[in-house]
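K.L.:
Got a structure here, written out as structure tokens. Questions coming.
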Amino acid sequence: MDGFLDTAARILDGALSAIRAGHAEPAWTVLMGGACGVQMVAGTDWPLRSLLLEHGADSAYRVNVAGRQVTVDGITRSRHCRLQSPFLLR
């Protein structure tokens, strides 16, 4: 797996761990690389591409929690991905 997809998978794993521990928001964004370093942004409705460009990031990942499903959408200037968890047990 390459770095972009590996990071998306690690963010998904982290999100699942946070949810299982009871510490998760319904959505948040992680911006990485470039001028921004690493930043977490909660509660934004900006499109990922706009956040990527506005913050000078190399990649952006949005985590969404809906019901029992967790989705991570990732984007760079030339690529995108979507990873989804298996359904969570409650």
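K.L.:
Calculated from DSSP H runs of 4 or more alone, at -39500 (n - 2.57) each and per residue, what is the 222 nm mean residue ellipticity of the chain, nearest 500? Walk me through the numbers on the way to the answer.
P.N.:
Numbers: 2 runs with 26 residues, N = 90.
Taken over the chain, the calculation gives -9000 deg cm²/dmol.
K.L.:
Going 7 Å from the Cα of M40 in the Cα-to-Cβ direction, what parts of the stretch 51-82 have a backbone nitrogen less than 18 Å from that spot?
P.N.:
59-66, 70-74
K.L.:
If you don't mind, there's one more thing I want to ask. Using the C-alpha gyration tensor of the stretch 3-84, what are the square roots of 5 times its eigenvalues, in whole angstrom, with the largest one first? All intermediate terms of the calculation are to be shown ahead of the outcome.
P.N.:
Numbers: eigenvalues 84, 34, 25 Å².
They are 20, 13, 11 Å, listed largest first.
K.L.:
Most mobile of L31, L53, L12 per a Gaussian network model of the chain (Cα springs, under 10 Å)?
P.N.:
Result: L53 has the largest fluctuation of those listed.
K.L.:
Any idea what the relative contact order of the chain is, in percent, if you count C-alpha pairs under 8 Å spaced at least 6 apart?
P.N.:
26 percent.
Since every read-out is calculated from the coordinates, none of them should be taken as a lab result. All of these numbers come straight from a predicted model, not from anything done at the bench. Note that each Cβ is placed from the backbone with ideal geometry, even for glycine, and that neighbours are counted across all protein chains shown.
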